[in-house]
Structures are given as structure tokens and as C-alpha cells.
Amino acid sequence: PKKEYLHISVGTTKTPINVTGWTVKSESSGQTVKIPKGTYLYFAGTVNSEEDIYLNSGETLYLITGISPNGASFKTNKCSGYLSQFQTFTPYLYTSCPAPKNEDLSSIPKTVKNDDCLDYIERFPTCRIQTQNTPANWSYECTNFIYTKINYPSCINTHKSDADFYGKEWRIYLKRSERIWKDRREKIVLYDSIGKIVDTLEY
């Protein structure tokens, strides 16, 4: 179930489309599911509120049968790549976070003592947190930056107001323990909130 998914994509629309409550039905088995609500901005380690899902032009909703690796249905953003360091998402969660070297480094004194640490930050990969101990001779300011600023929560706090913060994908989970769709000779129909057919998939 965690690897089974449908994707619903929007071409061009003048106004956002509310897809929460739309129905997806298997014509072969008769099984139906409703598109649930999702979390617009996911925060780790807390109960996230959910709201109706609106799709804009060029956006895609992945309707995944199984349970979410992080426990939530959510819209992607420029920090979401951090979530994939210790969890596996299907489909693959695109990892393109702001580079640590481009963040505000003004709290780190540019002294000889910090050269090695600053070089380390220059090379530090995106969408990853520090998992090993840093050298003991590095300054508190530099190691504190590595441990407190290079992570998902800090990335959210720093960039949530950026114009390009949100991505164009929703990851919506149905929390099922068994697969819903047949792998062959299947016909899946998407209905809107008033029962009108929006699209059909046959394979």
C-alpha cells in the first residue's frame, strides 16, 4: 500500500480547485475513496491541523494508499527534502533545500579558529542534518550553527515567507493496510464533489 498511488495533475485553471471530498472509484471492484484534507505547512513533532486541498495550475496531488512515513498528508515546500533523510517516500520526495552555506552565517566569527568549520559548512550537503560529532576544537558559534540551523524546523522558520517556499505537490495518504487498485484490467474514475466525472484511467 505504501508504494501504490495515483497522481492527479492540473493543467491550467483560473481559480484554485478544491479537490477535498472528490471520489475516486474502481469500476472493476467497486471500491471508492474520498480525497481527504491535508496539512498546508507540516511541522515535525506536533499535531498538524488539516484543511481542504486546493490545486492550482501545474500542481499535482499524489493519492497514496498507505500510511504516511511522517504521519501526515502535506504539501511540499523547499525544506521538505529534510524529511527524506530517515524516511522513505514513494514517489521519491525531491530533495532541493536551501544550501547551508547560503544561510546567515553572521553569528560565526571569521577567525582562523573557524576556518575548518566554515569550510565544512561550505561543503555540507543540502537536505541533511549533522549526525556525527564535530571536532572538539571548533568554536561554539560554528558548531551551534551546524546543529541548530541545518534542519527542517529551522529551514521552515527561515524560509516560510519566501515567495517560492511552497512546492507544486501534495502527498495525500489514505492510511490503508491493503492495496485498493488492481494492477491490470482496471478502470478508475475520478468524480468531483457533485458526482460529475472529471477523468478516467484505464489500464
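The values are calculated or read from the model by the stated rules, or taken from the named source; none is laboratory data. Computed from a predicted model, the values in this text were never measured in an experiment. All Cβ positions, even for glycine, are placed from backbone atoms using ideal geometry, and neighbour counts span all protein chains on display. Note: accessible area is taken over every heavy atom of the protein model, side chains too, but ligands, DNA and RNA are not part of it. Shrake-Rupley method; radii C 1.70, N 1.55, O 1.52, S 1.80 Å.
In the chain, helices alone account for a calculated mean residue ellipticity at 222 nm of -4000 deg cm²/dmol, with every DSSP H run of four or more residues adding -39,500 (n - 2.57). Counting only protein heavy atoms and a 1.4 Å probe, the chain has 58 square angstrom of accessible area per residue.
With all pairs of different C-alpha atoms in the average, the Kirkwood value for the hydrodynamic radius of the range 40-95 is 12.4 Å. Taken about its Cα centre, the range 46-203 carries a charge dipole of about 460 debye when Lys and Arg each add +1 at the Cβ and Asp and Glu each add -1 at the Cβ. Across the range 26-116, how many lysine pairs, 8 or more apart or on two chains, come within less than 20 Å at their alpha-carbon atoms? So the count works out to 5. Where does the charge balance sit around residue 66 when Lys and Arg score +1, Asp and Glu -1, over other residues with C-beta under 10 Å from its C-beta? The answer is +3. The convex hull built on the alpha-carbon positions of the range 85-203 has an orientation-averaged projected area of 11.8 nm².
For the peptides 63-69, 7-13, the ranking by mean Cβ contacts within 10 Å, running from highest to lowest, is 63-69, 7-13. Summing charges over neighbours of residue 40, with a neighbour being any other residue whose Cβ is under 9 Å away from its Cβ, gives -1 when K and R count +1 and D and E count -1.
Simple rule: put +1 on each Lys or Arg Cβ and -1 on each Asp or Glu Cβ in the chain, find the dipole, and look at 12, 95, 195; the Cα lying farthest toward the positive end is 195. Taking amide H as placed 1.01 Å from N in the peptide plane, the amide H of residue 127 sits under 5 Å from that of 97, each at least 5 places away or on another chain.
Return the whole-Å distance between the Cα centroid of the range 116-148 and the Cα centroid of the range 52-96. Answer, in whole Å: 28. When peptides 171-177, 107-113 are sorted by average Cβ neighbour count within 10 Å, with the highest value leading, the order is 171-177, 107-113. For the range 1-63, the fraction of C-alpha pairs more than 15 angstrom apart is 61%.
Model label points for residue 187 and residue 112, set 7 angstrom from Cα along the Cα-to-Cβ axis, are 7.9 nm apart. Using alpha carbons only, the radius of gyration of the chain set against its Kirkwood radius gives Rg/Rh = 1.09.
Each Lys or Arg adds one and each Asp or Glu subtracts one; over the other residues with Cβ under 12 Å from the Cβ of residue 177, this totals +2.
Hey, how many Å between the Cα centroid of the range 1-45 and the Cα centroid of the range 156-203? A separation of 3 Å, based on Cα centres.
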